[in-house]
1. Full extension from Ser273 to Ser73: what is 0.36 nm times the residue separation minus their Cα-Cα distance, to one decimal in nm?
2. Report the Rg/Rh value for region 171-262, based on alpha-carbon coordinates and the Kirkwood definition of Rh.
3. Enumerate by residue number the chymotrypsin sites (Phe, Trp or Tyr not before Pro) in region 206-285 meeting two conditions: DSSP loop (anything except H, G, I, E, B), and at most 16 other Cβ atoms within 10 Å of the site's Cβ.
4. Restrict the search to region 27-83; then list the trypsin sites (Lys or Arg not before Pro) that DSSP places in a loop and that have at most 13 other Cβ atoms within 10 Å of their Cβ.
5. For region 86-129 and region 243-274, what is the centre-to-centre distance using only Cα atoms, to the nearest Å?
6. When the helices in the chain are scored as -39500 (n - 2.57) per DSSP H run of 4 or longer and the sum is shared across all residues, what 222 nm value do you end up with, to the nearest 500 deg cm²/dmol?
7. Could you tell me the extents of region 156-225's C-alpha atoms along the three principal axes, largest first, rounded to whole Å?
8. Treating region 59-99 as a set of equal point scatterers at the Cα positions, no solvent, please give the Debye-formula log₁₀ I(q)/I(0) at q = 0.19, 0.23, 0.27, 0.35 Å⁻¹.
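The values are calculated or read from the model by the stated rules, or taken from the named source; none is laboratory data. The structure displayed is predicted, hence computed values, not measured ones. Quick reminder, even Gly has a Cβ in these numbers, built from the backbone with ideal geometry, and neighbours come from all protein chains shown. Just the protein is used for accessible areas: all its heavy atoms, side chains included, with ligands, DNA and RNA removed. Shrake-Rupley method; radii C 1.70, N 1.55, O 1.52, S 1.80 Å.
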Amino acid sequence: MTIPEEGEIIMQFVKTADLKPGMRLAKPIYNRMGVLLYERDTRLTIQGINSIENFGLIGIFILEPAEPLPPLSREDLEFEQFQTIYMFKLKDNMDKLVDNLVPSTLLSLVDDIQRHYGSLDHKLNFTQTLRSSADFVYKHSISVGILSAMISNEMQLPAEDIRALITASLLYDFGYLYVPQAILDKGDDLSDSDRNFIQMNLERGYESIRPRYEECNLPKISLEIIQQFIFQKSQTLKIKDPSPETRLLCDILKVADQFDRLTAMNINNPPVSEVAAMSFLRRHSRTYNPRVVAAPVSYTHLRA
């Protein structure tokens, strides 16, 4: 996969198994605590390749030998760092939910996302992360949480609504953790029985969260948003229509979810451009609230 950057700079995606000494990193690599392991423009060594394999990365972006280093601002670099930190924090909290434990740092993660991205007054270079079936739940949920924070801030929603929406964004796909990787590896090539099985597990995820939301100190409206999102395709439960306020938050989550799915870098499928994603959302105005769709144009610019 080759990604053209602004200024015609080219990055090449290389699977971890195909990495060779001397290749130049196009993106920094951080550990789960956000500590920088490898700077951009670092030339790989055998030891570095082994570290990347042990870190569980499915691949990295490299620069061609003659390519200059892409310009990145401090905010761009911090965004990549925060994505890594957030992803591992969310994984830790989801693992606790799977084990029927209280996700003790979930709300601090929500607050951190809201503090950094729920009050932006300028455009952000939204750097997408590469995903596999093993980690897409965490990376997708983090991206949707950040996008939801930015959209709801752009729409000037109250801070408590933004917080509730971020919380819902981090948990609505929790049920995917119950789906075997063999099914997730199929990507879009799913049978009807596969789709029904995934839906059943999304509902299972909701039912795992529902009786414990008070213990976890989650906003009640977050649970309502998750319920609306998951059970809209359910064949087992008919849910009542949400209030206008909750419906708007659900509409924001729906747009953020689809925007991220379209533009995310997947190892099996190339992403579409931001322009193409926005065009898709506008064409399907009966599904995606036009008022919500209009908001992303003014705050984000995608980067590979």
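1. Residue separation times 0.36 nm, minus the Cα-Cα distance, leaves 69.8 nm.
2. 0.97
3. Counting only loop positions with at most 16 other Cβ atoms within 10 Å, the chymotrypsin sites (Phe, Trp or Tyr not before Pro) in region 206-285 are Tyr213.
4. Arg32
5. Cα centroid to Cα centroid, the span is 17 Å.
6. -15500 deg cm²/dmol
7. 41, 29, 16
8. -0.73, -0.85, -0.94, -1.04
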